[in-house]
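The values are calculated or read from the model by the stated rules, or taken from the named source; none is laboratory data. Because the structure is predicted, anything quoted here is derived from the model rather than measured. No Cβ is skipped: glycine too gets one built from the backbone with ideal geometry, and neighbour counts run over all protein chains shown. Ligands, DNA and RNA are excluded from the accessible area calculation, which covers all protein heavy atoms including side chains. Shrake-Rupley method; radii C 1.70, N 1.55, O 1.52, S 1.80 Å.
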Amino acid sequence: MFDNLSEKLESAFQGLKGDGKLTEINIAQSVKEIRRALVAADVNYKIAKEFTDKIKDQALGTKNVLSAVKPGEVMVKIVMDEMVELMGGQSVGINTSGKPGIILISGLQGSGKTTFSGKLANYLKTKKKKSPLLVACDVYRPAAINQLTVISEQIKVPIFKDEENKDPVQIAQNAILHAQTHGFDVVIVDTAGRLAVDEHMMREIENIKAGIEPSETLFVVDAMTGQDAVNTAKAFNERINYDGVVLTKMDGDTRGGAALSVKYTVGKPIKFVSTGETMETIDVFHPERMAQRILGMGDIVSFVEKAQEQFDEKEAARIEKKIKKNKFDFNDFLGQLNQIKKMGDLKSLINMIPGMSKMTKNLDIDDKAFSKVESIIQSMTPQERSNPELLNMSRKRRIANGCGHNIHEINMFVKQFDQMKKMMHKMSKGKGMQGMMGGMKK
Amino acid sequence: MSFFKKMFGKKDEETIKAEKAELDKGLERSKTGFFDKISKAVAGKATVDVEVLDELENVLITSDVGLETTVKIIDRIEARVARDKYINTNELNEILRDEIVQLLAENNNTQEIEDFRPPVDSKPYVMMVVGVNGVGKTTTIGKLAYQFKEMGLKVALGAGDTFRAAAVDQLEIWANRVGCEFFSKGMYTDPAAVAYEAVQYGINNDCDVVIVDTAGRLHTKKNLMMELTKIKNSMNKKMPGTPHDVMLVLDATTGQNAIEQAKQFTAATEVTCLALTKLDGTAKGGVAIGISDQFKIPIKYIGIGEGMTQLQVFNKREFVDSFFKKIEGS
């Protein structure tokens, strides 16, 4: 996600790589590059300046101490440490205490509040074993209530709405009473989008907050927001003193400077990031991982976590056995593909692997990347799927007709499959499952 | 369509005045922000020196004008300062306006529209609306439909966002509000089929304008971008030459990513015009300047509020004038 920024920082550091040590000249050069990259990444101009000034001081201070280490690496470490600090050190969870816990969602129009409300409800339900209630308090935008209703049906979380009532404070209060009497332990209050400069609407959200006393107030920010992110974040904070920030639309290629600026300006932690349109695409925000990502170091921790979530131990053990016996077949392959697909958007997954973001920059990787392979396998008979060696010319021709790809493509795929199988068999003697992931990338 | 052109030959004086007043009002906040900053930048300075230029650069960047365009503007002012030797800071605003207007005039995208009249002599005139999530596509369509309707045109809206929860309902509410035709196949239907049939519907029902909504999508999602191409092609199949316009809606609060969005959407659907939304509350009218400079695609409409009437035709000169009006008045 932060590809562009990491690239620019990389090129800034490249100037340092050749040099023997950090000097005032090469520090000044790379610092300038870093600042430019940050501003182009929508980091607030003032913040970028302060940030790079800090880095410059630190770099000048460290040059003698660490003369043994490569200057580029020293710079990376300094930037990295500062970045983590800037984004808020440790990750912070949300407060759902209270009977019920009350979460108020606020933000600009189109920042993604309603979708996020749904994701949060789904997250609390599936990961935290809560029983949430969604509350529709956007009484202005056409069909906003319907939107939340559809989402509530999707994730099977009940919704509280009152289409006759135009007073969001009342709706929210009634919802809380309803939650208390019907056994819900968290209510999530979705509100209308509003501009920070709209006095009337800002007073409304103030009143909602005062009327329901939420345990957690969240401010939703579009990750693509420009220089204005700082002003908006500040204005909302002054009015409703929110507890945390949510970054949405992080699956785009935005450089996401907003993430850096917001925490710096208002001193409130970023608690969640939202990375897609399906209800599962919500992540807890980890500042240190994000900093790694920004610096192009990949985010291997998130990747492994995602893999573990979808990981079926029994299935893995079974497959490992098959690989060891060199009996890995098309069914297993299909199963593995499905597991990877469950982990989320492929490109964002691959970008989590250190060093991969550069390689995949111009590559079209998307969720349908596997569809060709799947269509080929699905055109095989059950027998063929469990016995890859059965495939002869006439069978391949039939498969080609079935899946709509030509015979060369079938041949190519079968060949690749064989190679992969051999490779996995070889690797299974050493590394086990870990090596598998590498083989799957085709 | 020529019939309508005769009927609505020129905007009368009063409408023009009213529109200008509203634009001024809508941009009041952006203006204040912009000018406060500039006056702070030059406070206590008699002449334009390096420091003033630095501050000016800061002001332009924080107004989301964008790095590239800012550098261009600063270079021009620097050149002018070098030429005219002594420039008073009082003149700075005047010069800045001059340079910005000139910079924008040099661009290829000068074909500006005067009013909301459909630019193409076709019945129906077909427009497809695209953009990332949450920029205000549906709202802009509603406002635009209202404008067409006001001109006495028969308008149909096609509900091509069949993906986002309740998107179809949202458009239908707008259609009812405006009082225009509405075509939908319901949620989770093939948007290309909706687009095709919406054009068909427009032809069958003697509509003057058909506007087709699409689901918001991030420009990085290859498949979804390909879907847009397909939607566009399906319209062209129904009625060659359509859609006459593909309008990309951009959110004025978006930062530098807007440029990437425009690039990617153009690659997928040959965007012909832009609409810039949420210009009222951003304190960042500057993004319109950056976009006008960086793109060959003209900004056609700007959204300056949530009301049905708060959509305007974009005029560079007027916009920059409006941006700088405060100075003239004072």
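Please give the number of the condition residue A:195 fails out of (1) of a type in the set (A, V, I, L, M, F, W, C); (2) under 21 Å from residue A:237 (Cβ atoms); (3) not in a loop (DSSP other than H, G, I, E, B).
(3)
Looking at the structure I just gave you, is residue A:172 more than 14 Å from chain B (Cβ to nearest Cβ), touching a helix residue (DSSP H, G or I) at 6+ places or on another chain (Cβ under 6 Å) and buried (at least 16 other Cβ atoms within 10 Å of the Cβ)?
yes
Within segment A:322-331, is even one residue part of a helix (DSSP H, G or I) and at pLDDT below 65?
We begin by selecting, within segment A:322-331, every residue part of a helix (DSSP H, G or I); these are A:322-324, A:330-331.
Next cut, at pLDDT below 65 only: none.
Taking every residue of segment A:322-331 in turn, none turns out to be part of a helix (DSSP H, G or I) and at pLDDT below 65.
Quick one: in segment B:158-169, of everything that is over 19 Å from residue B:148 (Cα atoms) and not in a loop (DSSP other than H, G, I, E, B), which residue is nearest to the other protein chains (Cβ to nearest Cβ)?
The residue in question is B:169.
Specify the residue that is least open to solvent (accessible area, probe 1.4 Å); the eligible residues are those in segment A:235-274 that are more than 14 Å from chain B (Cβ to nearest Cβ) and of a type in the set (S, T, N, Q).
A:237
What do you reckon, is residue A:37 within 14 Å of chain B (Cβ to nearest Cβ) and modelled with pLDDT under 80?
Details: within 14 Å of chain B (Cβ to nearest Cβ): yes; modelled with pLDDT under 80: yes.
Yes, satisfied.
Residues to consider are B:202, B:216; find the one that is in contact with a Pro (Cβ under 6 Å, 6 or more places away or on another chain), crowded, with 21+ Cβ neighbours inside 10 Å and either within 30 Å of residue A:228 (Cα to Cα) or more than 14 Å from chain A (Cβ to nearest Cβ) (or both).
Of the residues listed, the single one that is in contact with a Pro (Cβ under 6 Å, 6 or more places away or on another chain), crowded, with 21+ Cβ neighbours inside 10 Å and either within 30 Å of residue A:228 (Cα to Cα) or more than 14 Å from chain A (Cβ to nearest Cβ) (or both) is B:202.
Would you check if there is a residue in segment B:176-196 being at the interface with another protein chain (Cβ under 10 Å from one of its Cβ atoms) and farther than 24 Å from residue A:108 by Cβ?
Taking segment B:176-196 and keeping what is at the interface with another protein chain (Cβ under 10 Å from one of its Cβ atoms), we get B:176-177, B:187.
Checking the rest, the ones that are also farther than 24 Å from residue A:108 by Cβ come to B:176, B:187.
Yes, the conditions are met somewhere in segment B:176-196.
Need pairs with beta-carbon distance below 9 Å; first residue farther than 17 Å from residue B:128 by Cα and within segment B:154-173, second in a helix (DSSP H, G or I) and of a type in the set (Asp, Glu); sequence gap 6+ or separate chains.
Close Cβ pairs (under 9 Å, with a partner that is in a helix (DSSP H, G or I) and of a type in the set (Asp, Glu)) amount to B:165/A:153.
Residue-wise test of (1) under 19 Å from residue A:276 (Cβ atoms); (2) assigned to a helix (DSSP H, G or I); (3) at pLDDT 95 or above.
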site: A:121; (1), (2), (3): yes, yes, yes
site: A:133; (1), (2), (3): no, no, yes
site: A:154; (1), (2), (3): yes, yes, no
site: A:164; (1), (2), (3): no, no, no
site: A:189; (1), (2), (3): no, no, yes
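Failed condition for residue B:266, given (1) surrounded by fewer than 20 Cβ atoms within 10 Å (Cβ to Cβ); (2) part of a loop (DSSP other than H, G, I, E, B); (3) touching a strand residue (DSSP E or B) at 6+ places or on another chain (Cβ under 8 Å), with all others met?
All conditions are met except number (2).
Return the pairs, sorted by first residue and then second, in which the second residue is charged (D, E, K, R) and open to solvent by 20 Å² or more (accessible area, probe 1.4 Å), the first residue lies in segment B:50-70 and is more than 7 Å from chain A (Cβ to nearest Cβ), the beta carbons are less than 7 Å apart, and the residues are 6+ apart or on different chains.
B:52/B:45; B:53/B:78; B:59/B:37; B:70/B:57
Taking only pairs six or more apart or across chains, which ones have beta-carbon atoms under 8 Å, a first residue in segment B:292-311 that is in a helix (DSSP H, G or I), and a second residue that is acidic (Asp, Glu) and open to solvent by 10 Å² or more (accessible area, probe 1.4 Å)?
Note: pairs meeting the criteria are B:293/B:68; B:294/B:68.
For segment A:183-202, which residues satisfy the criterion of being touching a residue at least 24 places away in the same chain (Cβ under 8 Å) and either surrounded by fewer than 16 Cβ atoms within 10 Å (Cβ to Cβ) or under 30 Å from residue B:217 (Cβ atoms) (or both)? Before you say what the answer is, go through the steps one by one.
Step one: list which residues in segment A:183-202 are touching a residue at least 24 places away in the same chain (Cβ under 8 Å), which gives A:183-197, A:202.
Residues satisfying the conditions are A:183, A:188, A:189, A:190, A:191, A:192, A:193, A:194, A:195, A:196, A:197.
Among the candidates B:252, B:215, B:267, B:193, single out the residue that is of a type in the set (Gly, Ala, Ser) and in contact with a Leu (Cβ under 7 Å, 6 or more places away or on another chain).
B:252
Go through segment B:245-294 and report how many residues are at pLDDT 85 or above and either over 26 Å from residue A:259 (Cα atoms) or not assigned by TED's automatic domain parsing to the domain that holds residue B:219 (or both).
13
I'm told residue B:315 meets every condition in (1) more than 10 Å from chain A (Cβ to nearest Cβ); (2) open to solvent by less than 20 Å² (accessible area, probe 1.4 Å); (3) within 23 Å of residue B:72 (Cα to Cα); (4) at pLDDT below 90 except one. Can you identify the failing condition by its number?
Against the list (1) more than 10 Å from chain A (Cβ to nearest Cβ); (2) open to solvent by less than 20 Å² (accessible area, probe 1.4 Å); (3) within 23 Å of residue B:72 (Cα to Cα); (4) at pLDDT below 90, residue B:315 comes up short only on (2).
Yes or no: segment B:105-124 includes at least one residue that is free of Cβ contacts under 8 Å to residues at least 40 places away in the same chain, in contact with a helix residue (DSSP H, G or I) (Cβ under 7 Å, 6 or more places away or on another chain) and open to solvent by 10 Å² or more (accessible area, probe 1.4 Å).
No, segment B:105-124 contains no residue that is free of Cβ contacts under 8 Å to residues at least 40 places away in the same chain, in contact with a helix residue (DSSP H, G or I) (Cβ under 7 Å, 6 or more places away or on another chain) and open to solvent by 10 Å² or more (accessible area, probe 1.4 Å).
Can you tell me which of A:167, A:138 is within 20 Å of residue A:214 (Cβ to Cβ), acidic (Asp, Glu) and crowded, with 17+ Cβ neighbours inside 10 Å?
Answer to the check: A:138.
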